[in-house]
1. Pick from ALA100, ALA79, ALA22: which residue has the top mean-square fluctuation in a GNM of the chain where Cα pairs under 10 Å get a spring?
2. Toward the positive end of the charge dipole of the range 48-145, about the Cα centre and with charges on Cβ (Lys, Arg +1; Asp, Glu -1), which of HIS101, THR65, THR141 goes farthest?
3. Stretch MET23-TYR59 to full length: gain in nm at 0.36 nm per residue minus the Cα-Cα span?
4. Any chance you could list the semi-axes, whole Å, largest first, of the equivalent ellipsoid that the Cα gyration tensor gives for the chain, using √(5λ)?
5. Evaluate the relative contact order of the range 20-133 (contact order divided by residue number), counting alpha-carbon pairs under 8 angstrom at least 6 apart; express in whole percent.
6. I'd like the Karplus ³J(HN,Hα) series for the range 92-101: coefficients 6.51, -1.76, 1.60, θ = phi - 60°, whole numbers in Hz, and an x wherever there's a Gly or Pro.
7. Please identify the GluC sites (Glu not before Pro) of the range 23-58 that satisfy two criteria: DSSP loop assignment and at most 16 other Cβ atoms within 10 Å. Which are they?
8. Counting other Cβ atoms within 10 Å, keep those with at most 15, restrict to DSSP loop, and tell me which trypsin sites (Lys or Arg not before Pro) in the range 1-98 are left.
Amino acid sequence: MPDFKLIDVAEQPYIYVDRKCAMVPAEIGKAMETAFGDIFAFMQENGIEPVEGPLSVYYSYDPETVEFRAGMFVSGDDAKKASGAVKADVTPAGRVVSFAHIGPYSKLGESYGQLMGWLETEGLTIGAPTWEVYMNDPDTTPPDELHTDIYVSLA
């Protein structure tokens, strides 16, 4: 089971594109791939350097579809360069639940299921947003070694 921790985080600026797809790992993977391709192209065209790994931000929960923001942490100055389909925002500051998921993205749902049980035991309620930071590259990292840091806002 993941090691769930209550921590305080500072806001972090990021740029992103919106995506929506079926709640199916293969569809999510395709949507992520095109979204990150768009973000990386925008960053290259605008001379933007990342300050941390790629992330996805989730504001709603639906068992049928998933809507998310796929993006990259950037400096506050670079966030101001967002235009067109590329938008800018910040992850919220405050108390969150943080944990690491090690393994294939297709098994993230299992970690979230364990989180829901832990939240219930602790008397806490999930809020929005939740964001995932991808710490290594799925093109060069074996699936069992993928590392995703997850941050969950509380209600």
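1. Among ALA100, ALA79, ALA22, the largest GNM mean-square fluctuation belongs to ALA22.
2. THR65
3. Details: separation 36, 0.36 × 36 = 12.96 nm, distance 1.45 nm.
Taking 0.36 nm per residue and subtracting the Cα distance, the gain is 11.5 nm.
4. Details: eigenvalues 123, 66, 43 Å².
Calculated on Cα positions only, the semi-axes equal 25, 18, 15 Å.
5. Details: 102 pairs, mean separation 34.7, N = 114.
Once normalised by length, the contact order is 30 percent.
6. x, 8, x, 7, 9, 8, 10, 7, 9, 9
7. Values: sites: GLU27, GLU33, GLU45, GLU52; in loops: GLU52.
For GluC sites (Glu not before Pro) across the range 23-58 that sit outside H, G, I, E and B with at most 16 neighbouring Cβ atoms in 10 Å, the list reads GLU52.
8. LYS80
Quick note: the coordinates plus some simple rules give every number you see, no bench work behind them. Since the structure is predicted, the reported quantities are computational estimates derived from the model, not experimental observations. Because the Cβ atoms are built from the backbone with ideal geometry, glycine has one as well, and the counts that use them run over all protein chains shown.
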